[in-house]
Structure formats: structure tokens, C-alpha cells
Amino acid sequence: MTQKVRIAIFASGSGSNAQNIVQYFASHKSIKVEVAFVNNPNAAVIERMKTCNIPIFLFNKKMFYENNDVLDALTTFSIDYIVLAGFLWLVPSNIIESYFNRIVNIHPALLPKFGGKGMFGNNVHEAVLKNRESFSGITIHEVNHEYDKGKILFQAICPVLPEDTVETLSHRIHKLEYLHYPKVIEAWIALNY
Ligand code: GRF
């Protein structure tokens with residue numbers, strides 16, 4: 001039997017996308033979520049991963065930016081692809097170079113608008129509403145040395161309604177994320193492999 005492609009998910013917060021991805025690939029014939037890398041010991045994603053029987057690798061800034069601990073752990077887990085799902089730190093160059101074209105992220109807006117440092121979570125939706133945009137959406141992109149600047153793989157749009165709040169818009173965007181992110185990951189890996 002051929003080995004499955006092994007994914008590591010990186011997450012910092014709630015982890016609803018992480019859980020959705022784990023569930024999508026749970027009985028997949030060729031792709032497996034192996035581990036979740038988490039940089040926040042209080043993140044809700046930890047409980048979510050426990051309920052899905054996914055091991056957690058918890059790390060801090062020093063392990064990420066000052067030595068090779070995170071990269072070494074990726075090697076130990078024999079990780080082929082990295083999926084960022086609500087992960088807030090910029091990925092350092094040792095990992096970008098080792099996983100060139102094999103790191104993907106999801107952004108809750110239509111890049112190149114509303115991206116860059118500080119543009120995460122509800123900040124993005126607040127900016128979209130403040131700017132009175134008629135549409136928002138999701139962008140799935142490869143990850144490079146800069147926030148939200150890697151090659152765009154996929155976008156999907158949704159309307160922004162006049163009565164929208166950060167909560168209603170975030171809810172609509174999350175639904176788009178759950179629908180598309182696992183399938184885009186699956187297709188991207190199939191094309192790369
Ligand atoms: C998502 O909206 C994603 O686009 C962004 O961070 C949010 C994470 O949400 N990168 P969750 O933790 O998956 O619920």
C-alpha cells in the first residue's frame with residue numbers, strides 16, 4: 001500500500017476550520033491529517049483536536065523563530081504539507097524554504113484587498129464593513145515570506161449586506177471556508193504530487 005500524504009495543520013485560535021479539515025480527510029484514501037501545531041496553550045483548537053484524536057504539538061516563539069524545533073518536529077512527523085487555519089504568526093524562512101510551495105493559508109477576504117499584517121479575524125470583517133464593500137469572500141493561497149502575498153489558488157465571493165455586522169459577515173465567510181478549504185487542499189495536493 002502506498003503511504004498517505006501527511007498534513008500538519010497550524011492554528012492559533014478557535015480551530016473550526018481545523019476541525020472541518022480533519023473531519024473531511026478522516027477517511028480519505030490518500031491524505032491524512034497527522035498533527036496540529038498550536039502556538040497558544042489556551043486556544044480552543046486544542047480541545048477540538050483532542051475530540052478528533054489528533055495529536056497537538058505546542059510551541060512558542062523561541063521554538064519557531066530562534067531555533068529549528070518546529071522544523072525538526074515537522075520532520076519527525078514526516079509532514080509533507082502544511083495547512084494554516086487561523087494561524088497568526090508569520091512563518092519563518094527555515095520552514096518556508098523547506099516546504100516551498102507546500103504551505104497553504106486561508107484568508108477571510110478577497111486578497112489583495114484587506115490583507116497584510118494586522119489583518120486577521122474580525123479586523124478583516126470590520127475593515128470590509130467600514131469600507132462599505134458590496135462583496136467579500138475567501139482567498140486560499142500559498143504562503144511565502146510576507147503576510148497574505150503568496151500565489152492565489154482559489155477565491156469565492158459572497159455578498160456584504162447593508163445590515164451586516166462583524167458577526168453575520170464572519171458567519172457567512174466561515175460557511176464558505178468550510179465548503180471550499182478542504183476540497184481546495186485536496187486538489188492542490190493532487191496537482192502537486
Ligand atoms: C478564518 O476566518 C480564516 O480565514 C482566518 O482565521 C479564521 C480562523 O477561524 N485565517 P477558525 O479558528 O478556523 O474558526
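Values in this text are rule-based calculations from the coordinates and carry no lab data. Computed from a predicted structure; not experimentally measured. All Cβ positions, even for glycine, are placed from backbone atoms using ideal geometry, and neighbour counts span all protein chains on display.
The lone criterion from (1) surrounded by fewer than 19 Cβ atoms within 10 Å (Cβ to Cβ); (2) part of a helix (DSSP H, G or I) left unmet by K149 is number (2). Among residues of the range 114-126 that are touching a residue at least 40 places away in the same chain (Cβ under 8 Å) and under 19 Å from Q155 (Cβ atoms), those with a beta-carbon under 8 Å from a residue that is more than 10 Å from the ligand (Cβ to nearest atom) and hydrophobic (A, V, I, L, M, F, W, C) at least six positions away or on a different chain give the pairs H125/V166; H125/L169. You will find that of I189, I152, I157, the residue that is within 16 Å of the ligand (Cβ to nearest atom) and either under 30 Å from F64 (Cα atoms) or touching a Pro at 6+ places or on another chain (Cβ under 9 Å) (or both) is I152 and no other.
Total residues in the range 152-175 satisfying the condition of being touching a residue at least 24 places away in the same chain (Cβ under 8 Å) and either over 19 Å from A127 (Cα atoms) or out of contact with any Cys (no Cβ under 8 Å at 6 or more places or on another chain) (or both): the figure is 14.
Of the residues screened, N20 is one that is of a type in the set (S, T, N, Q) and surrounded by 16 or more Cβ atoms within 10 Å (Cβ to Cβ). Restricting attention to the range 34-53 and to residues that are among the β-branched types (V, I, T) and free of Cβ contacts under 8 Å to residues at least 40 places away in the same chain, the residue that is surrounded by the most Cβ atoms within 10 Å (Cβ to Cβ) turns out to be V38.
Does at least one position in the range 45-61 carry a residue that is of a type in the set (D, E) and assigned to a strand (DSSP E or B)? Among the residues of the range 45-61, not one is of a type in the set (D, E) and assigned to a strand (DSSP E or B), which makes the answer no. The criterion of being of a type in the set (A, V, I, L, M, F, W, C), more than 16 Å from the chain's Cα centre (by Cα) and surrounded by 13 or more Cβ atoms within 10 Å (Cβ to Cβ) does not hold for V104.
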